[in-house]
Amino acid sequence: MNDRYRELAREAGLLVHNPEKMPTKLGRFAELMINDCIKELEISRRCDPYTGKLYECEYNTCIGEQIQVLKARFGVE
């Protein structure tokens, strides 16, 4: 994960000083929040109710692109 979550935390007025660069609760919270958002996007994809296979459609393509943008924005793998 990159430092974008720290920038947002500072903007919100949260203390983010971490000279040792050790994982913090803020970092873990940000990781959980971002992964939860990605999970919700993945759930919203449309698929065949019988096979579970994803439809090849513009909607699913857009959802996939948004997932990639979110991952890149926060440096999530």
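The values are calculated or read from the model by the stated rules, or taken from the named source; none is laboratory data. Computed from a predicted model, the values in this text were never measured in an experiment. Reconstructed Cβ throughout: ideal geometry from the backbone, glycine too, with neighbour counts over all protein chains shown. Quick note on the areas: whole protein, heavy atoms, side chains included, nothing else; ligands and nucleic acids left out. Shrake-Rupley method; radii C 1.70, N 1.55, O 1.52, S 1.80 Å.
A value for Cα extents along the principal axes in Å was derived from the coordinates, and within the list (i) 51, 19, 19; (ii) 41, 30, 16; (iii) 48, 23, 22 it appears as (i).
Do any chymotrypsin sites (Phe, Trp or Tyr not before Pro) in the chain lie in a DSSP loop with no more than 15 other beta carbon atoms within 10 Å, and if so, which? Answer in residue order: Y50, Y55.
Helical content of the chain, expressed as a calculated mean residue ellipticity at 222 nm, amounts to -18500 deg cm²/dmol (DSSP H runs of 4 or more residues, -39,500 (n - 2.57) each, divided by residue number, nearest 500). Summed over the residues of the chain and divided among them, the accessible surface reaches 81 Å² per residue at a probe radius of 1.4 Å. Of T51, T61, T24, the order by accessible heavy-atom surface (1.4 Å probe, DNA, RNA and ligands excluded), from most exposed downward, is T51, T61, T24. Only residues of the stretch 33-50 count here: report those whose backbone N is under 11 Å from the spot 7 Å along Cα→Cβ of N2, or say none. Of the residues in the stretch 33-50, none has backbone N under 11 Å from the label point off N2. Within a straight-line Cα-Cα reach of under 30 Å, K25 can be paired with the following lysines, leaving aside sequence neighbours fewer than 8 residues apart in one chain: K39, K71. The dipole here belongs to the chain: it is taken about the Cα centre, uses +1 on the Cβ of Lys and Arg and -1 on the Cβ of Asp and Glu, and is about 240 debye.
Output the relative contact order of the stretch 21-73, whole-number percent, from Cα pairs under 8 angstrom with separation of 6+ residues.
Numbers: 23 pairs, mean separation 16.2, N = 53.
Across the stretch 21-73, relative contact order equals 31 percent.
Which of the GluC sites (Glu not before Pro) found in the stretch 32-61 are loop residues per DSSP with 11 or fewer other Cβ atoms within 10 Å of their Cβ? Within the stretch 32-61, the qualifying GluC sites (Glu not before Pro) (loop, at most 11 other Cβ atoms within 10 Å) are E56. Maximal additional length on extending the Q66-N35 stretch stands at 9.9 nm, based on 0.36 nm per residue less the C-alpha distance.
To put it simply, the accessible area of the chain at a 1.4 Å probe is 56 percent carbon and sulfur.
What do you get for trypsin sites (Lys or Arg not before Pro) in the stretch 1-42 restricted to DSSP loop and a cutoff of at most 12 other Cβ within 10 Å of the site's Cβ? Sparse-neighbourhood loop trypsin sites (Lys or Arg not before Pro): K21.
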